[in-house]
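Novice: Encoded as structure tokens, here's the structure I'll be asking about.
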Amino acid sequence: MAALLASAQARAAKYDKKSTPHDEDAMDDEDDEDDFERFDLEDDEGTTGINVKKESSRRAFDKVYKSVVDSADVVLYVLDARDPDGTRSKEVERMVMAADGGSKRMIFILNKIDLVPPPVLKSWLIHLRRSFPTLPLRASKPAPNAKTFDHKDLSIKGTSEALIKALKTFAESRQLKRSVKVGIIGYPNVGKSSVINALTSRMGGRVGACPVGAEAGVTTSMREVKLDNKLKLLDSPGIVFPNAADDSKKSKIEEQARLILLNAIPPKEITDPIPAVALLMKRLSSSPELFAKLVEMYGIPPLHTINGDTTNDFLVQVARKRGRLGKGGVPNLHGAAQSVITDWRDGRIQGWTTPPRYTATPATKSTKSAPATPGLIGDQKEIVKEWAAEFKLEGLWGDDDNDTTSATEAMET
């Protein structure tokens, strides 16, 4: 964990040298976001790239995150069901599992499951369970007018109660004289606070124990929420660890577009939404069905390809349809792109990723006890099976001897 924080701080320091202070930043220091200030990363041509935290504030941010992980007995890693791998950091996983001699336990929580169809959810559950026990969770009601999928038994009540049952089973097995602490980690806006609220409401606690919002940055400090005498939840701010391969202008733009689609950047901090729309169009174009639904949603005619891309014509059509026009009736592409990103964030646009293809590796003998630092590479079936038994996940959409297939049959439609 110390190495992870040092790496993040080094990157922040490197970005800090490239940034140029603005008068607006000084004004922001006086408002409610003063503890988590931001600055703009600029490339050599002065183009604004990914918004990152100032070094001093990033240290404070990391300190809160580290405190949550260090204090937790169990870590719930919340992922967005639409893009689980995009909201997952292998580096974070390694560091969490290396802490305290490998004694911590981690569970993936696949949130926002109502935004993906049952077969896609099932495929991701099977894929993720090769690394860690994974539970689907429907933590909150969908956004207004959002396109949702019916997952039969996977309701807000049913999934949250299943998670509580698993955590209480683990707490009882540890027989600690104190409460078992459960840390909640994940990218901004994956729904960490919604997970806590879903759990507290099932335990008869106060509804809305943690504030939630449709944009990143709602949680800015560690919060403790007591479920009962056996369980205590620790909420952490969402953190994005940079993973761009290089510092080129292209990689910065692509990384910002990726983070925008993950809702990891607050709308007010999005300087150019057009690359994010281009990335969304690229992803949806791989599925004729999803692309057709996108065009149908906006009620626009078939798109024309310009230089191998349909993004420009799409934004022109959306601008006309939504009345995003400038002087002389010129389409406002920036405004149109912002409205598309809003529709994506609120779930009105359907879109998801599919898990990578899995190639089975030859079985190897494993010891009964888990290693101090799981490799997180390849199939960890024995480790996952052992941990799943600690939480008694069988029957709770958990792992089984048939590679989780039978446990997830109820999710198919």
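Just so it is clear, none of the values below were taken in a lab; they were calculated from the coordinates. Computed from a prediction, not measured in an experiment: that's the story for all the values here. All Cβ positions, glycine included, derive from the backbone under ideal geometry; neighbour counts span all protein chains shown.
Novice: Starting at the first residue of region 348-357, write each ³J(HN,Hα) from the Karplus equation 6.51 cos²θ - 1.76 cosθ + 1.60 with θ = phi - 60°, in whole Hz, x for Gly and Pro.
Specialist: Once θ is set to phi - 60°, the couplings for region 348-357 become 6, 9, 7, x, 7, 9, 10, x, x, 5 Hz.
Novice: In whole Hz, what ³J(HN,Hα) sequence does region 187-201 give by Karplus (6.51, -1.76, 1.60; θ = phi - 60°), x for Gly and Pro?
Specialist: Here the 3J(HN,Hα) series is 4, x, 6, 7, x, 4, 5, 5, 4, 5, 5, 5, 6, 5, 5 Hz.
Novice: In addition: Taking other Cβ within 10 Å of each residue's Cβ, how do Arg178, Arg324 sort, fewest first?
Specialist: Details: Arg178 10, Arg324 19.
The order, fewest Cβ neighbours first, is Arg178, Arg324.
Novice: Sticking with this one: Just order 168-174, 311-317, 77-83 by mean Cβ neighbour count inside 10 Å, highest at the front, would you?
Specialist: Working: 168-174: 16.7, 311-317: 20.7, 77-83: 24.1.
With the highest mean Cβ count within 10 Å placed first, the list reads 77-83, 311-317, 168-174.
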